[in-house]
C-alpha cells in the first residue's frame, strides 16, 4: 500500500451468487481471494487463496472480475 498514490476504492461491486445446492442446504461459506487492480481500475490475476468449500470459488472469482 505504501507504493500507492491513493487507496483503491470500489466503483461498483458485484455480489457473489450463493451456489444453489449449498443455499438449499443452508450452508454458508467464505473465500479468500487475491487480485491486482490496474491503474485504470481493472481487476486482473484473480486467484483463490483459500475457501471453506470449493463450490464458492467460482462465484467469488466471477464477482471480483465483474467489479471495478
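Coordinate-derived values only; no laboratory data. Just so we're clear, the structure is a prediction, and the values are computed from it rather than from any experiment. Glycine also receives a Cβ, built like all others from the backbone with ideal geometry; neighbour counts cover every protein chain displayed.
Tabulated results
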item	result
Residue that is surrounded by the most Cβ atoms within 10 Å (Cβ to Cβ), among those in segment 16-62 that are free of Cβ contacts under 8 Å to residues at least 12 places away in the same chain and assigned to a helix (DSSP H, G or I)	58
Members of segment 6-23 found to be more than 15 Å from the chain's Cα centre (by Cα) and within 15 Å of residue 53 (Cα to Cα), listed by number	20, 21, 22, 23
